Amino acid sequence: MEILKKELSETTREYALRVIRHNIMKLEIAPGSMISEQEVAQTLEISRTPVHEALLELSKSKIVDILPQRGCLVSMIDFELVTEAVFLRRTVECAVVREACTLATDKDFAVLDENIRLQDFYLASHSYDKVMELDNQFHRYLYEISNKMQCYYMVELLNIHFDRLRDLSLYSVKNLKIIDDHKELLAAMRLRTPEKAEEILEKHLSRFEIDRAEIKEKFPQYFTR
């Protein structure tokens, strides 16, 4: 398990939730694995209570299943849950990007430009973890521009089902289009064309439907069926 640094503003519950979520999303804790509250607590040097609370929170999105007296089982990747997560994210984020088209400043465009430049750099060097991190930052910044961070946190919990698939796509899809999509989206935002920006974002968030067979063929052990 990858241990992240605790932030000063975090409670121990928030810290445990962030670390466990990160490791599930990055498949450091693989689908079908068991999570021991005691082991996680010892690894993070915290008590079991915040770990238990974090797992209860994750169980609400069906990413884990708490088994009495046995531990916690990480769910396999289920395309029905992925599709539902994408539905929620697409519904919210398309509205967010429309607002971002109106509200984005030159400073915001500069931040997104730099983000895309770094995505290109890390993709060329096959640093896929950094590409994923920057991808997440790009989308989060759209919520920040639109002042919709509570929506972001709501979407994030269920989005973990989609995040696992996105992470696998970086290692299995031969013709990645995500950075090109970001460039097109930013161009549409600069032109202040919300309809076009929404169209590009919808296409971007639906690519998993095209790539799913390629991903599943390479990593069949992670899927329900």
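The values are calculated or read from the model by the stated rules, or taken from the named source; none is laboratory data. Just so it is clear, the model here is predicted, and its values are computed rather than measured. Positions of Cβ are generated from backbone atoms using ideal geometry, with glycine treated the same way; all protein chains shown enter the neighbour counts. For the accessible areas, the whole protein counts, side chains as well, though only heavy atoms, and no ligand, DNA or RNA atoms are used. Shrake-Rupley method; radii C 1.70, N 1.55, O 1.52, S 1.80 Å.
What the table below lists for this structure:
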| item | result |
| --- | --- |
| Condition broken by Leu4, with the remaining ones in (1) touching a residue at least 40 places away in the same chain (Cβ under 8 Å); (2) open to solvent by less than 40 Å² (accessible area, probe 1.4 Å); (3) touching a Lys or Arg at 6+ places or on another chain (Cβ under 8 Å) satisfied | (1) |
| Any chance Arg98 is more than 24 Å from Leu4 (Cβ to Cβ), open to solvent by 60 Å² or more (accessible area, probe 1.4 Å), in contact with an Asp or Glu (Cβ under 9 Å, 6 or more places away or on another chain) and modelled with pLDDT of 95 or more | yes |
| Phe87, sole failed condition from (1) open to solvent by 80 Å² or more (accessible area, probe 1.4 Å); (2) in a loop (DSSP other than H, G, I, E, B); (3) hydrophobic (A, V, I, L, M, F, W, C) | (2) |
| Qualifying helices (runs of 4 or more DSSP H) (wholly inside the stretch 125-225; at least 1 residues being within 15 Å of Ala100 (Cα to Cα), among the aromatic types (Phe, Trp, Tyr) and open to solvent by 10 Å² or more (accessible area, probe 1.4 Å)) | 128-145, 149-172 |
| Evaluation of Met34 against (1) buried (at least 18 other Cβ atoms within 10 Å of the Cβ); (2) in contact (Cβ under 8 Å) with a residue 24 or more places away in the chain (one fails), failing number | (1) |
| Residue in the stretch 41-58 that is buried (at least 16 other Cβ atoms within 10 Å of the Cβ), touching a Cys at 6+ places or on another chain (Cβ under 6 Å) and part of a helix (DSSP H, G or I) present | yes |
| Where Arg70 falls short, out of the listed (1) in contact (Cβ under 8 Å) with a residue 24 or more places away in the chain; (2) in contact with a strand residue (DSSP E or B) (Cβ under 8 Å, 6 or more places away or on another chain); (3) surrounded by 15 or more Cβ atoms within 10 Å (Cβ to Cβ) | (3) |
| Check on Ile145, in contact (Cβ under 8 Å) with a residue 12 or more places away in the chain, among the β-branched types (Val, Ile, Thr) and within 20 Å of Ala95 (Cα to Cα) | yes |
